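These notes concern the structure reproduced below.
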Amino acid sequence: MTVKIKTLERQGSTFIERLYLIEVFRGMRTTFDHFWRILLDNSKSYVRHYPEVKPEITPRWRGRHRLTTHDDGTVKCVACFMCQTNCPSHCISIEAAERVDGKSEKMPVRFEIDLLECIYCGYCVEACPMDAIRMDTGIYSVISSERSSLVKGMDELLATPGAFSEEDYRKRGL
């Protein structure tokens with residue numbers, strides 16, 4: 001069996017074709033067409049005035065994390081490590097200890113989420129059997145000038161309120 005080899009002639013062999021000047025000018029023409037069209041009539045362009053007007057956020061949108069508590073104020077987390085195990089970016093770290101309030105469950109002594117490593121996938125929320133961690137805060141702007149302030153500890157996660165009430169949460173089936 002013989003293999004047939006087909007030789008193709010190389011394109012762009014002239015000097016002008018190798019400089020790509022024609023394609024550069026075509027691209028610049030397209031850019032200037034858009035520029036003049038927007039400059040003369042910008043009524044069709046969509047503008048979001050972000051700092052002044054906050055965007056509408058749907059209830060199922062995954063925002064920053066928070067930890068929930070029972071009615072008596074104790075944390076719902078039983079330190080089962082399901083969220084830490086299920087996290088693809090490994091941004092959650094938990095240390096467990098025995099409960100001191102008489103319940104037979106464990107409780108977290110340290111619960112930290114590194115928001116710089118988090119990819120906001122929501123796997124931690126789905127994995128939690130106790131509904132202890134949620135991403136329904138409505139906080140969409142997570143910014144800081146220091147890296148250490150974006151590692152959220154248990155106290156900060158417990159203090160973060162939800163975007164809507166528990167009744168709305170149950171009604172929507174989230």
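So if R0 is 35 Å, what FRET efficiency would R62 and F25 give, r being the distance between their Cβ atoms, rounded to the nearest 0.05? Provide the component values of the computation, followed by the final result.
Values: r = 45 Å, r/R0 = 1.29.
Taking R0 as 35 Å, the efficiency between R62 and F25 is 0.20.
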Heavy-atom accessible area of V53 with all protein chains present, probe 1.4 Å, nearest 10 Å²? 90 Å²
Karplus-derived HN-Hα couplings along the stretch 67-82 (A = 6.51, B = -1.76, C = 1.60, θ = phi - 60°), whole Hz, x at Gly and Pro: 9, 9, 10, 6, 5, 7, x, 7, 5, 6, 5, 10, 6, 8, 6, 5
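Would you mind getting the accessible area per residue of the chain, heavy atoms of the protein chains only, 1.4 Å probe, in Å²?
Details: 13380 Å² over 174 residues.
Here the residues of the chain average 77 Å² of exposed surface.
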Computed accessible area, W36, all protein chains, 1.4 angstrom probe, square angstrom: 130 Å²
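Return the FRET efficiency for the residue pair D155, E52: r is the Cβ-Cβ distance, R0 is 30 Å, and the value is rounded to the nearest 0.05. Mind dumping the intermediate values first?
Values: r = 32 Å, r/R0 = 1.07.
After rounding to 0.05, the efficiency reads 0.40.
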Whole-number D in µm² s⁻¹ for the chain, Kirkwood Cα-pair radius fed into Stokes-Einstein, 4 °C, 1.567 mPa s: 61 µm²/s
Subtract the Cα-Cα distance of F15 and Y123 from 0.36 nm times their separation in residues, and report this length gain in nm to one decimal. 33.3 nm
Relative packing of 116-127, 90-101, 21-32, which averages over residues the other C-beta atoms within 10 Å, highest first: 116-127, 90-101, 21-32
Per-residue HN-Hα couplings for the stretch 122-129, Karplus 6.51 cos²θ - 1.76 cosθ + 1.60 at θ = phi - 60°, whole Hz, x for Gly and Pro? x, 5, 5, 5, 5, 7, 6, x
What do you get for the angle between helix 21-40 and the principal long axis of the chain? Use alpha-carbon atoms, 0 to 90 degrees, nearest ten. 60 degrees
Rounded to the nearest Å, what's the spacing between the alpha carbon centres of the stretch 105-151 and the stretch 22-54? Just the number, please. 38 Å
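Leaving out ligands, DNA and RNA, and with a 1.4 Å probe, what % of the accessible surface on the chain is carbon or sulfur?
Numbers: 7420 of 13380 Å².
Answer for the chain is 55 percent, counting heavy atoms of protein chains only.
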Work out from phi, with θ = phi - 60° and the Karplus expression 6.51 cos²θ - 1.76 cosθ + 1.60, the ³J(HN,Hα) of each residue of the stretch 98-107, listed in order in whole Hz, and give x for Gly and Pro. 6, 6, 9, 9, x, 7, 8, 9, 8, 9
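Expected output is a single nm value to one decimal: the length gained when fully extending between L116 and S104, i.e. 0.36 nm times separation in residues minus the C-alpha distance. What is it?
Details: separation 12, 0.36 × 12 = 4.32 nm, distance 3.43 nm.
Once the chain is fully extended between L116 and S104, it gains 0.9 nm.
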Amide H within-cut-off set for I139, under 5 Å, with H built and near neighbours excluded: R64
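Remind me, relative contact order of the chain in percent, using alpha carbon pairs under 8 angstrom and six or more residues apart?
On the way: 195 pairs, mean separation 40.4, N = 174.
Dividing the mean separation by the residue count of the chain yields 23 percent.
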Short to long, in 10 Å steps from zero, the percent of alpha-carbon pairs of the stretch 5-108 per bin is 10, 17, 15, 13, 13, 16, 11, 6, 1
Scattering curve values for the stretch 56-130, log₁₀ I(q)/I(0), Debye with Cα scatterers, q = 0.11, 0.19, 0.20 Å⁻¹: -0.30, -0.84, -0.91
Would you count, across the chain, every pair of lysines whose alpha carbons are under 27 angstrom apart, provided the pair is eight or more residues apart or spans two chains? 9
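The values are calculated or read from the model by the stated rules, or taken from the named source; none is laboratory data. Just so it is clear, the structure is predicted and the values come from calculations on it, not from any experiment. Virtual Cβ from ideal backbone geometry, glycine too; neighbours counted across all protein chains shown. Ligands, DNA and RNA are stripped out before the accessible areas are found, and what is left, the full protein with its side chains, is counted by its heavy atoms. Shrake-Rupley method; radii C 1.70, N 1.55, O 1.52, S 1.80 Å.
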